[in-house]
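Only one structure is covered here, and it is reproduced in the block below.
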Amino acid sequence: MKPLVSEAIETYCREHSARPSALLQELEAYTIAHCAQPQMITGALEGAMLGLLIKLTGARRILEVGMFTGYSALTMAEALPEDGMILSCDVNPDTTAIAQSFFRRSPHGRKIEVRLGPALDTLAALEAGREFDLAFIDADKENYIGYYEAALARLRSGGLVVADNVLWSGAVLNPKHESDRAIVAFNDHMQRDGRVEHVMLTIRDGITLARKR
Ligand SMILES: C[S@@+](CC[C@H](N)C(=O)[O-])C[C@H]1O[C@@H](n2cnc3c(N)ncnc32)[C@H](O)[C@@H]1O
């Protein structure tokens, strides 16, 4: 992921936003040192935004699609009230094991319920009546429309979808690869969707916020 603004501006924004906890800083450093594609991590700036969104909306029940080593899940868990919970989906057992080792070290880790497996299968198998206040979509781009539809069906009225990487390092303007075209299709899908009010933000790699009517 390449930030859309210069590295200097990105760093300045991060340094003038809420600071991550010591454990989140350790998790980020561990991910960079030990994992392939560490740039997938949400990081401090987007983490600060997610935490603020949770507090502003009063969200208590969160769905996450794409956990990786758990940075965004742990950030959101720290922002949730004591009775809050996150259902977090990922398909990679190795990065999931890293995430869980960090969750165990946090007093907020018990708020995170991990589901290992393709997220579309996990979402299709969810208990009837299970609802969420906020859904964070940050997994494989080819399935974004599927994740969005499944999440929206489970979101309460007034709930929020947060979709990451919607500008895909700018590739949306000149799509060449399958993932580029998938993000373009997702953005067009949302733009036509009268069920939500939404805004696309140029924070990091592009984030769309959509409130279910
Ligand atoms: C961008 S990373 C998520 C980053 C994470 N939110 C964070 O803050 O570090 C995308 C994740 O989606 C996962 N993923 C890819 N395909 C998936 C699928 N079909 N179902 C569930 N997760 C999937 C990958 O294993 C990867 O961990």
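The values are calculated or read from the model by the stated rules, or taken from the named source; none is laboratory data. Computed from a predicted structure; not experimentally measured. No Cβ is skipped: glycine too gets one built from the backbone with ideal geometry, and neighbour counts run over all protein chains shown. Quick note on the areas: whole protein, heavy atoms, side chains included, nothing else; ligands and nucleic acids left out. Shrake-Rupley method; radii C 1.70, N 1.55, O 1.52, S 1.80 Å.
Using a probe of 1.4 angstrom and keeping all protein chains present, the accessible surface of the chain works out to 47 square angstrom per residue. For the residues 141, 176, 55, a GNM of the chain with alpha-carbon springs under 10 Å puts the largest fluctuation on 176. On a C-alpha basis, how far is the centre of segment 30-86 from the centre of segment 123-137 in Å? Whole number, if you could? Cα centres, segment 30-86 to segment 123-137: 17 Å. For segment 1-80, the calculated P(r), taken from all Cα-Cα distances in 5 Å bins from zero up to the bin holding the longest distance, is 3, 15, 24, 25, 21, 10, 2, 0 percent. Considering only the Cα atoms of the chain, their convex hull presents on average a projected area of 11.2 nm². The alpha carbons of segment 37-81 give a radius of gyration and a Dmax of 10.3, 32 Å, in that order. Summing Lys and Arg as +1 and Asp and Glu as -1 over all other residues whose Cβ lies under 11 Å from the Cβ of residue 160 gives a net charge of +1. Carbon-plus-sulfur accessible fraction, the chain (probe radius 1.4 Å, protein heavy atoms only): 55%.
Relative to the current alpha-carbon distance between residue 105 and residue 5, full extension at 0.36 nm per residue lengthens the span by 32.6 nm. Other residues with beta-carbon under 9 Å from the beta-carbon of residue 207 carry, at +1 per Lys or Arg and -1 per Asp or Glu, a net charge of -2.
Note on residue 141: aspartates and glutamates with a C-alpha under 19 Å away, same-chain residues under 8 apart excluded, are 46, 64, 90, 121, 149, 164, 178, 180, 188, 193, 205. Given springs between every Cα pair under 10 Å in a Gaussian network model of the chain, which of 108, 189, 198 has the largest fluctuation? The residue with the greatest mean-square fluctuation here is 189. Ordering 85, 187, 123 by the projection of their Cα atoms onto the charge dipole of the chain, which places +1 on the Cβ of Lys and Arg and -1 on the Cβ of Asp and Glu, puts 85 at the extreme positive end.
Here the sum of -39500 (n - 2.57) over DSSP H runs of 4 or more residues, divided by the residues of the chain, equals -12500 deg cm²/dmol at 222 nm, to the nearest 500.
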